[in-house]
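Have a look at the structure below before the remarks.
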Amino acid sequence: MKFSTLRNDRGSAFVELALVLPILTLVLIGAAELGRMAYFAIEVSDAARAGVAYGAQSAATAPDTVNIAIAARAAAPDLPSTLSVSSNDPCTCETVTTSTGTVVTTPIPLTNCGGNPAPNPPVISYCPASTTAGTVTFVVNYVQVSTSATVSTMFNYPGIPSSFTLNGFSKMRVLQ
């Protein structure tokens with residue numbers, strides 16, 4: 001006659017799996033959620049980059065906010081419809097000291113700037129006069145695009161918001 005011992009291990013692996021499985025599932029879902037948010041953050045940033053790349057092609061495309069938004073949305077097809085795009089076409093005066101290479105930038109008000117290739121009065125009149133020998137002042141146009149999208153999580157987690165707002169920003173000099 002055999003007596004069963006207290007050291008029988010027949011069901012211990014199943015009990016260990018039952019204890020660890022909820023934690024393992026939570027870690028896997030958390031990793032998938034983190035990867036999903038990282039993917040959407042990259043898409044928001046790429047959308048801003050695509051919009052600014054379209055606007056920086058020329059002085060004619062820089063103020064074209066409609067097509068800048070179309071280019072940005074086309075670059076982020078997997079984002080939810082909450083993607084918002086805003087852009088502007090700021091001008092700056094850049095004064096360069098030729099001997100040292102120092103650049104001093106002065107913003108020009110948007111009302112005196114914008115994609116108009118020949119504003120009246122000329123934009124250069126809004127730049128400070130260069131009184132030092134060896135300095136050159138010229139106008140530089142930039143395009144700035146900001147994007148944002150609200151992305152919801154797959155599940156509701158206690159203590160964590162159920163949606164996040166992801167932002168992207170890009171700025172590029174307009175080709176002259």
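The values are calculated or read from the model by the stated rules, or taken from the named source; none is laboratory data. Keep in mind it's a predicted model, so treat the numbers as computed, not measured. Here Cβ is always computed from backbone atoms with ideal geometry, including for glycine, and neighbour counts include all displayed protein chains.
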Considering only the range 136-166, state which residues are surrounded by fewer than 17 Cβ atoms within 10 Å (Cβ to Cβ) and of a type outside the set (A, V, I, L, M, F, W, C). 137, 150, 152, 153, 156, 157, 158, 159, 161, 162, 163, 165
In this structure, does residue 107 turn out to be in a loop (DSSP other than H, G, I, E, B), modelled with pLDDT under 80 and not β-branched (Val, Ile, Thr)? no
Restrict the check to the range 26-33 and report whether at least one residue is touching a strand residue (DSSP E or B) at 6+ places or on another chain (Cβ under 9 Å) and modelled with pLDDT of 85 or more. no
Residue under evaluation residue 169, criteria (1) at pLDDT below 75; (2) surrounded by 14 or more Cβ atoms within 10 Å (Cβ to Cβ); (3) under 19 Å from residue 51 (Cα atoms); (4) not acidic (Asp, Glu), criterion not met: (1)
Is it fair to say residue 87 is within 24 Å of the chain's Cα centre (by Cα) and either crowded, with 17+ Cβ neighbours inside 10 Å or of a type in the set (A, V, I, L, M) (or both)? yes
Of the numbered conditions (1) touching a residue at least 60 places away in the same chain (Cβ under 8 Å); (2) more than 21 Å from residue 146 (Cβ to Cβ), residue 25 satisfies every one except a single condition; which is it? (1)
Inspect all residues belonging to the range 114-127 and state whether any of them is of a type outside the set (Ser, Thr, Tyr), at pLDDT below 90 and assigned to a helix (DSSP H, G or I). yes
Scan the range 128-156 for residues that are modelled with pLDDT under 85, part of a loop (DSSP other than H, G, I, E, B) and within 26 Å of the chain's Cα centre (by Cα) and jot them down. none
If we scan the range 49-69, do we find a residue that is closer than 30 Å to residue 156 by Cβ, modelled with pLDDT of 90 or more and either out of contact with any helix residue (DSSP H, G or I) (no Cβ under 6 Å at 6 or more places or on another chain) or crowded, with 18+ Cβ neighbours inside 10 Å (or both)? no
